[in-house]
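No lab work stands behind these numbers, since they all come straight from the coordinates. Quick caveat: nothing in here was measured; it's all calculated off a predicted structure. Glycine also receives a Cβ, built like all others from the backbone with ideal geometry; neighbour counts cover every protein chain displayed.
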Amino acid sequence: MTSVLRDRRTFLRWSALVPAVAALPAVAGVPAWAEEAAFVDTYRTNVPANRTPETNAAVRILSGMHRVWRTGSTWDSGVVLDAALLRANVRHCVAVTHARTDAEAKRAFVYDRRHQSYAAIGGLGPLADLYRSGAKAVTGITSAPDGTPPAKIDDAVPANAPAGSALGAGAHDSELGLVATLVDTVRGTFASGNPSKNAYQYPRPWRLTADSRVEDTGRADALGFPVYRSEVVVAPQLLRQRGTTPAEDGGYPSGHTNAFHLACLALAYAVPERFQELVARAYDLSDTRIVAGMHSPVDVIGGRTLATALAAATLADPENATLKAAAREQALEYFTAKTGTTPDTLFARAHTGADEYGDRRANAAMVARRATYGLPSRDTRTPMRVPKGAEVLLETRLPYLDAAQRREVLRTTAFPAGNPLLEGPEPWGRLNLFAAADGYGAFGSGVRVTMDATRGGFDANDSWRNDIGGDGGLVKAGTGTLTLAGANSYRGGTRVEAGTLVAATPGALGTGTAELAGGTLRASGLRVGGYHQTGGTLSVAAGSALVVRGEATLERGVLEIRLTGGCPAHEIEVLRARRLRGRFSAIRADRPGYRVVPRCTPTGLSVRILREFS
């Protein structure tokens, strides 16, 4: 599949058949409408009557499409502006639909016909059944036919469903009614992709040749649908679901994709313990649109971009402030009660049990792969400009950061520049929410994190898994525990003032100096540029020394030896430096009944641990 997308010789052969992009009318500079009010302030203009970038904020933010496709005067007369990208787009659909298995076709049918908000619930993993029960959420689509059904099939409440059950996210008067209301609000009046479909008129892939042209053969298939010269094969279960009015059945952006992401992001706000898995779920569901043959990567990228902006705008709308807070509180109270957990332990429970999205590395790889589907990108280093209001999407996932800090997280974890579909006047498409849930991607300047363990949840305990670079540094303040689990290279140093900072990898604290003034620094095999302790507790695992490339200075503070593997029988190294100055105020084991005997040298410290007998 990848070879199909990246066959440069194919691109060159195709480019010889169409006018050069330079010969086509260029998009001159930045249009006046691109400088208008931010999307979050104007998202309510996204209504059917508005179909231009001047009148509709949704059409405006999707205008990266203008760089690859020029809408024609009729639905079938659009002009290709980026031949390589659009050819790769269609060829991806061809490759996927030809390689599709019957099981994949049936799965695509289920998610085509099932209410998109109900489909999103699967991202809750071990909490999904509890959610369905509490929200009274049901679906009538539980399987797919073996072939083409005799008529269209739509979702409906099953006859045997409990009283009060509802399609989608659930009933508004249920135990999770506020969460269901939040999902429905995010997917509300101004959340449709249809105005943008009508504006861009980029056809669905089953109507397109490899060069994104529409060629009607003049024939009809056995079901009476026109036959186009396309190699894309629609899943047989969905043949009757195809649109019959091409002018109102455009592909870009994908409406199902928009709905999947809106529902998943609303649930992620209310249940941030499953934030990354819900984001992964949205990407997974959206890909079924391509597998089905109903949409192309371009359409899916557009649907995701639109949904990201719409979710942020709805959550940032002051009219929804009370609802979103209440939905989060309701979800937290419901799941802790049903699982017998606390806010501090709910995360672990939410990841215990059967989980379609239990492999974080696989999820991350999927998100990265489907961000652009490998479509050709331009060589550009356009800096990321985080759209106004985007930080609200991380409000419950990173609650201990302020709005400016969450914006910086989004900026430093964004997808690379280069793909025109991700750009536009506001680059909503470049936001990588999966990566953002793992904290900063870089410290551009000093970052101060103040956590409050009394609030529970992520305020009490969180992990940043990204590989953090940059010239800045980190100050850990407040209570609560923050774990750094990446291969970090930031250069500005690390200071622990309070709470606990866990260095889970040898390079967790970057290349600068680590300062311990208070709280606890917990490490195993940590390597730092320099070390300075004036208070607090340095907790190291027995047998894994703190290695300081420069000078280590000890003024005050405690050294704790963690006896994770029992009491070692021999002397162990605890700290090694180019030069060691000072002494710890106290050295102890983390278990009662043990005495620590230190031995200091000019370049380090080693200890013997002796069992005390009464």
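Brief remarks on what is shown
- Across all Cα atoms of the stretch 464-614, the radius of gyration (one decimal) and Dmax (whole number) stand at 14.7, 53 Å.
- Spatially proximal aspartates and glutamates relative to K152 (Cα-Cα < 14 Å; intrachain offsets below 8 disregarded): D112
- Using a Förster distance of 35 Å, the FRET efficiency for T148-K338 (Cβ separation, nearest 0.05): 0.25
- Cβ-derived FRET efficiency at R0 56 Å, R70 paired with T345, nearest 0.05: 0.55
- Debye, to nearest 20: dipole size of the chain, +1 on Lys, Arg Cβ, -1 on Asp, Glu Cβ: 1760 debye
- 222 nm mean residue ellipticity, helices alone, for the chain (DSSP H n ≥ 4; -39,500 (n - 2.57); rounded to 500): -8500 deg cm²/dmol
- Options T244, T308, L262, ranked by Cα towards positive dipole end of the stretch 226-314, top entry (Cβ charges): T244
- Separation of the E248 and L563 label points, Cα + 7 Å toward Cβ, nm: 7.7 nm
- D by Stokes-Einstein for the chain, Kirkwood Rh over Cα pairs, 4 °C, 1.567 mPa s: 49 µm²/s.
- Rounded to 5, the percent of DSSP beta bridges in the chain classed as antiparallel: 25 percent
- Extension gain (nm, one decimal) between E571 and R44, 0.36 nm per residue minus Cα-Cα: 182.8 nm
- Against the rule of thumb 2.2 N^0.38 Å, how large the Cα Rg of the stretch 271-393 comes out: 1.27
- On full extension, the segment bounded by T322 and E555 gains 78.9 nm, given 0.36 nm per residue less the C-alpha separation.
- Separation of the stretch 335-369 and the stretch 528-607, taken as the distance between their Cα centroids, equals 36 angstrom.
- Kyte-Doolittle mean at least -1.0, axial Cα span of 18 Å or more - DSSP H helices of the chain: 83-99, 255-270, 275-291, 297-316, 321-339
- Mean-position separation - Cα centroids, the stretch 98-124 and the stretch 249-289, in angstrom: 12 Å
- Dipole axis of the stretch 440-611 (+1 Lys, Arg; -1 Asp, Glu on Cβ), positive-most option in W464, I609, T479: I609
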